[in-house]
Amino acid sequence: MKQAIIVRNDLDISVGKLVAQACHASVLGYKREEKHGANQAQGNEMKVVVHAGGDTLHELADKARTKGIPSQMVRDAGRTEVERGTVTALAIGPADESEVDSLTGHLPLFKSMEKLGNRGEGGSSG
């Protein structure tokens, strides 16, 4: 079992905001599976954080839905750094590792804010 968290690399947000959005995606992905009674995950599965542009997140969510792979989009509440409803992250999985990799294996791992071109200053949890 594996879960991939895809964060937006085309938003100008702080490190704290990005981390919070990745956490929201992971938790919501697991809650979605529990709600649908299909959760085989225990929370200790492999997790990776990768990055992509906003259009790619929408494309991946559509592909996951078509393939029946669990996914959960995160739309921000708009209380801090971005407008309400802005898509900030996407969780794919928990699902079989090969299914997750079929959608996200080509995306680069998230390593630093500098490589994304974001300012990475400040912090936010909302």
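A few notes on this one:
- Matching residues in the range 66-78 - criterion: being under 15 Å from residue 28 (Cβ atoms) and of a type in the set (Lys, Arg): 75
- Residue in the range 3-10 that is surrounded by fewer than 18 Cβ atoms within 10 Å (Cβ to Cβ), out of contact with any Pro (no Cβ under 9 Å at 6 or more places or on another chain) and either modelled with pLDDT of 95 or more or farther than 18 Å from residue 111 by Cβ (or both) present: no
- Qualifying residue in the range 19-40 (condition: at pLDDT 90 or above, of a type outside the set (A, V, I, L, M), within 15 Å of residue 86 (Cα to Cα) and out of contact with any Cys (no Cβ under 8 Å at 6 or more places or on another chain)): yes
- For beta carbons closer than 8 Å, sequence separation of 6+ or different chains, a first residue in the range 56-68 that is closer than 12 Å to residue 91 by Cα and a second that is in a helix (DSSP H, G or I), the qualifying pairs are 60/103; 60/104; 64/103.
- Scanning the range 1-31 for residues that are in a helix (DSSP H, G or I) and of a type outside the set (Ser, Thr, Tyr) yields a total of 15.
- Qualifying residue in the range 74-94 (condition: out of contact with any strand residue (DSSP E or B) (no Cβ under 9 Å at 6 or more places or on another chain), polar (S, T, N, Q) and at pLDDT 95 or above): no
- Taking the range 62-92 as the range and being within 10 Å of the chain's Cα centre (by Cα) and either part of a helix (DSSP H, G or I) or crowded, with 19+ Cβ neighbours inside 10 Å (or both) as the test, the residues that pass are 71, 72, 74, 88, 89, 90, 91, 92.
- Of the set (1) at pLDDT 95 or above; (2) touching a strand residue (DSSP E or B) at 6+ places or on another chain (Cβ under 7 Å), all apply to residue 102 but (2).
The values are calculated or read from the model by the stated rules, or taken from the named source; none is laboratory data. Note that the coordinates shown come from a computational prediction; the quantities given were computed from them, not determined experimentally. For neighbour counting, all protein chains shown are included, and Cβ atoms are generated from backbone atoms with ideal geometry for every residue, glycine included.
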